[in-house]
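Have a look at the structure below before the remarks.
The values are calculated or read from the model by the stated rules, or taken from the named source; none is laboratory data. Just so you know, these numbers come straight off a predicted model, no measurement behind them. Every residue, glycine as well, gets a Cβ built from its backbone with ideal geometry; the counts of neighbours run over all protein chains shown.
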Amino acid sequence: MFFVITFIIGMSAGKFLNFIAGRTLKGESFTRLRASSSSCKRHLSKIKWIPILSHFLIKCDCVKCADQTLIRVLLVEIVSGLLFVATYIQHGFGAEFIILSAAISLLLLIAIIDLKYGLIPDHILFPAIIVLLFLSPFWTVLGLDRPLMGNYGALFSLANSLCSGAGAFLAFLAVSLLYPQGIGGGDVKMAGLLGLLLGFPYIILALWISVFVGGSIASWLLLSGRRERGDTIPFGPCLSLGALTTLLAGDYLVSVYENLIMLASRT
């Protein structure tokens, strides 16, 4: 029952994320939670806020919108629900669940917007960075340890977060200066955000996954002829994927890596 409830909460969050992503760059207010058809702008009944089911009900209201009931929108709701369940399995209900669920929602929102519009807006990044700066000294208190050189406490948690955020930001800034076509300004700022969110050493793992996935997708698009050299490819979703993987499986991946290093050193 708890899994079902958590899944429904996650799907509802995904529904809201799709709503925000559709309005945030159009100058439309999302403080009034009134759903409307994307084509004819008809206001839809409140039942259209039901996750998944709403996609079938919208077809009854507006034929034009039937072909705009994108798989992407439905996929976001399902993925959001599954990620919330995975977070609950690992941490149960508590401060960790609330913080990680908020982080998951933020990462999904950034991925949706970057895929749809090809940019990562500052009015989403900067407030998130401010919140993470405020939380930086309290990660250990909130149940998410952030040690530095084996030391725990507010000061070391803050130092770890700041160093990770600054390091990721500067690394991506250097790449963007050397290769402006490869990394955008939004990606640079998002790298700093991920450093504050994940800390060391997990930020390294997240960025490595992001670069690997991004490079693999770019190579496939070029080889398949779907993109040409010079075309832009959104990197925000790759950064979000790297961060999500690290949030949910970072401890396991780091332990596997450490075990491999130990085995290699013995041989």
*Quick one: would you say SER164 is in contact with a Gly (Cβ under 7 Å, 6 or more places away or on another chain) and of a type in the set (Ser, Thr, Tyr)?*
yes
*Among the listed residues SER176, SER161, which satisfies the condition of being in contact with an Asp or Glu (Cβ under 9 Å, 6 or more places away or on another chain) and surrounded by 15 or more Cβ atoms within 10 Å (Cβ to Cβ)?*
SER176
*Quick check: anything in the range 182-204 over 28 Å from GLU96 (Cβ atoms) and either outside the structural domain of PHE138 (by TED's automatic domain parsing) or not small (Gly, Ala, Ser) (or both)?*
yes
*the range 232-252, subset touching a Leu at 6+ places or on another chain (Cβ under 8 Å) and under 17 Å from ILE183 (Cβ atoms), residue surrounded by the fewest Cβ atoms within 10 Å (Cβ to Cβ)*: ILE233
*asked:* Taking the criterion of being part of a helix (DSSP H, G or I), of a type in the set (Ser, Thr, Tyr) and not assigned by TED's automatic domain parsing to the domain that holds GLY186, would at least one residue in the range 126-140 satisfy it?
replied: no
